[in-house]
Structure formats: structure tokens, C-alpha cells
Amino acid sequence: MTTGAVLVTGALTAAPAQAATAPTISSKGGFLMNSANGKTLFTKAADTKALTASTTKIMTAKVVLSQANLNLDTKVTIKGAVSDYIVSKGASSAGLIVGDKVTVRQLLYGMMLKSGCDAAMTLADKFGSGSTVAARTKNFIGKMNTMAKSLGMTKTHFDSFDGISNGSNYSTPRDLTKLARSAMKSSTFKTVVKTKQYTAKTITKTGATRTMAPWKNTNTLLGWNGTLGVKTGSGTEAKYCLVFAATKNGESVMGAVLTAPNEAKRTEDVKKLINYGYAKIS
């Protein structure tokens with residue numbers, strides 16, 4: 001009898017991947033993959049379109065970082081139009097000051113950590129084509145949609161550079177995970193999104209150095225159980241979203257939750273999915 005019991009136990013411990021029970025999440029949509037091989041590990045309304053809020057900024061960063069001959073140290077002057085936009089939309093801001101010169105690298109930190117729509121608009125204006133701010137930002141959004149198609153994001157459409165929807169800004173948990181997997185291949189992107197805090201030094205109109213208040217990452221899960229990204233999002237209609245990536249003991253998972261009822265539930269859902277992913281892979 002004892003020998004039999006030992007054998008049964010051995011059989012159970014040999015197959016923990018089957019033992020992992022799929023979690024229940026309160027987010028309306030969720031997706032999880034093994035980021036090493038792209039294998040699906042969990043789905044819940046994974047292909048249902050939803051508002052993406054600031055997770056949109058992952059694509060803004062992806063488009064910027066895919067520009068030919070990109071120099072991250074190029075300085076960009078913050079325009080009055082950016083300040084006007086932030087005020088008119090009541091948008092989240094990195095606190096950038098009109099007239100200051102800020103590098104592309106700093107703008108990426110301001111956009112991905114502090115979720116600054118001012119940084120996102122400045123990047124869209126810088127890397128879009130056209131004779132006006134409106135034309136350039138519109139052109140940039142076009143580049144975001146072209147990139148989405150090239151990544152196979154078949155149920156995604158962007159109408160903004162920052163996630164403040166103009167009525168047609170949506171994606172799915174699966175599509176956003178595809179985007180994150182592609183974006184995380186950039187060492188610059190990976191470095192930015194895993195940073196908990198960043199202090200930018202900008203150049204003022206007079207040429208003096210301005211030390212900005214530190215930008216703290218809105219992703220409070222960073223460092224938890226191997227979490228190293230990617231981007232939060234929240235909005236009145238979008239509720240709470242998070243695109244995430246985590247690596248531990250050589251096992252890597254990546255995914256997204258959309259339309260969580262609140263911030264606490266969003267965190268809880270992502271923790272459940274990361275733990276489940278590790279259990280499934282091991």
C-alpha cells in the first residue's frame with residue numbers, strides 16, 4: 001500500500017502543468033500567453049473589442065522606436081498646442097513645460113511611466129508628417145494603425161495617440177498582448193517600462209537645466225513575482241486595464257486584462273494570471 005501511495009504521489013508531482021486550475025477574473029476580458037513561444041495559456045473574451053485607455057501608448061512607443069535612424073537624444077521643444085490639449089481634455093500629464101527642450105528618450109519615460117498625454121502628443125507631433133500639429137498627429141495615428149495591421153492585430157483600431165478615444169479607439173486582450181510581445185523585443189522599450197521612477201532634466205527657454213519632479217510608474221506591480229512591465233490604463237468607460245509581462249526562473253508570461261471594475265481587482269486579476277501562467281509552464 002505504501003509503495004502504491006508513493007507511486008501515485010510521484011505521478012502527481014511529475015505533472016503540475018495539468019494541476020493548475022484556470023483562475024476566475026473579474027475583468028471583462030483577459031488573455032495570457034507563454035511569451036517564449038506565443039502559446040495561449042488563458043482566455044476570457046480575448047477577442048472582444050474594448051476601450052484600451054492608456055495602454056494605447058504602447059503602440060505610440062512602438063511606432064516611435066521603429067523609426068529609421070532614430071536618435072533617442074534628439075531634443076524636442078514642448079509646444080503650446082500640447083498644453084492646450086492637456087487642459088481641454090483634462091488629460092494625464094507628465095508636467096512638461098511649454099518651451100522646454102526634452103529628449104525623445106525622456107518623452108518615452110514621461111509617456112510610459114507617468115502616462116503623460118503631453119509626452120504622447122509631443123512624440124506624435126514629432127514623428128508624424130504634415131504642415132500642422134493636427135495633420136502630423138493624424139498622420140502618426142495612421143502609422144499606429146498600419147503597425148497594428150502588420151502585427152496581425154485584426155480587431156484593433158486607434159483614433160488617438162494616447163487612448164483618449166474619439167469614438168473609434170479599441171483593441172482586444174489578445175491583440176494588445178501581441179503588441180506587447182513585439183514592443184518588448186526593443187531593449188529601449190523594455191528598459192523604460194520596467195523603470196519604477198525616472199527624473200528628467202530638461203532645458204528651459206533660457207538654456208538653464210530644469211530638474212523635473214520624479215515620474216513614478218503607474219504600474220505598481222513592477223517587481224512583484226518577476227513583473228517587468230508593461231502599461232496601465234484607466235478611464236470612465238474603459239474602467240481599469242493592464243498589459244503585463246513577467247519572467248521568473250526562466251519562465252516568461254505576457255498578457256492583458258481589460259475593463260476591470262476597479263484598480264484593486266485589476267491587480268488581483270493580473271496576479272492570478274501570472275501565477276497561473278508560471279504553473280502551466282513549469
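The values are calculated or read from the model by the stated rules, or taken from the named source; none is laboratory data. It should be emphasised that the depicted structure is a prediction, and the values quoted were computed from it without experimental measurement. When we count neighbours, we look across all protein chains shown, and the Cβ atoms used for this are built from the backbone with ideal geometry, even at glycine. Accessible surface areas use protein heavy atoms only, side chains included; no ligands, DNA or RNA. Shrake-Rupley method; radii C 1.70, N 1.55, O 1.52, S 1.80 Å.
Other residues within the sphere of radius under 12 Å centred on the Cβ of Ala45, judged by their own Cβ, net out at +4 (K and R +1, D and E -1).
Report, in deg cm²/dmol and to the nearest 500, the calculated mean residue ellipticity at 222 nm for the chain, where each DSSP H run with n ≥ 4 adds -39500 (n - 2.57) and the sum is divided by the residue count. Before the final figure, lay out the partial values.
Numbers: 10 runs with 111 residues, N = 282.
That comes out to -12000 deg cm²/dmol.
Summarising the amide proton neighbourhood of Thr52: residues at separation of 5 or more, or on other chains, whose placed amide H is nearer than 5 Å comprise Ser171. Taking θ as phi - 60° and the Karplus parameters 6.51, -1.76 and 1.60, the scalar couplings of the range 118-130 work out to 5, 5, 4, 5, 5, 5, 5, 5, 5, 9, x, 10, x Hz in sequence order, x denoting glycine and proline.
In the chain, a dipole from Cβ-located charges (positive for Lys and Arg, negative for Asp and Glu) runs towards its positive end, and of Thr40, Thr236, Gly128 it is Gly128 whose Cα lies farthest in that direction. Protection proxy ranking of 156-165, 36-45, 184-193, 98-107, by the mean of other Cβ atoms within 10 Å over each peptide's residues and highest first, is 156-165, 98-107, 184-193, 36-45. The convex hull drawn around the Cα atoms of the range 48-87, when projected onto a plane and averaged over every direction, covers 4.5 nm². Ranking of Leu70, Leu32 by solvent-accessible surface, largest first: Leu70, Leu32 (1.4 Å probe, protein heavy atoms only, all chains present).
Backbone geometry of the range 104-114 corresponds, through the Karplus equation with coefficients 6.51, -1.76 and 1.60 at θ = phi - 60°, to 3J(HN,Hα) couplings of 4, 4, 5, 5, 5, 5, x, 7, 8, 8, 8 Hz, x marking Gly and Pro.
Summary value for the chain: 26 percent relative contact order, contacts being C-alpha pairs under 8 angstrom separated by 6+ residues. Each Lys or Arg adds one and each Asp or Glu subtracts one; over the other residues with Cβ under 14 Å from the Cβ of Val98, this totals 0.
Cα convex hull, the chain: 132 Å³ per residue, rounded to a whole number.
When the charge dipole of the chain is built from unit charges on Cβ atoms (+1 for Lys and Arg, -1 for Asp and Glu) and taken about the Cα centre, the candidate among Thr227, Pro214, Ala53 whose Cα reaches farthest toward its positive end is Pro214. Classified by the C-alpha gyration tensor, the range 119-269 has an oblate form. Its axis ratio a/c, with a ≥ b ≥ c, is 1.5 or above, and a/b does not exceed b/c.
In this calculation the C-beta distance from Ala68 to His157 is compared with R0 = 22 Å, giving a FRET efficiency of 0.30.
Mean projection of the alpha-carbon convex hull of the range 199-282 over all orientations, in nm²?
On the way: hull surface 30.2 nm².
Seen from a random direction, the Cα hull of the range 199-282 projects 7.5 nm² on average.
Largest GNM mean-square fluctuation across Ser54, Ser168, Ser131, computed for the chain with C-alpha springs under 10 Å, falls on Ser131.
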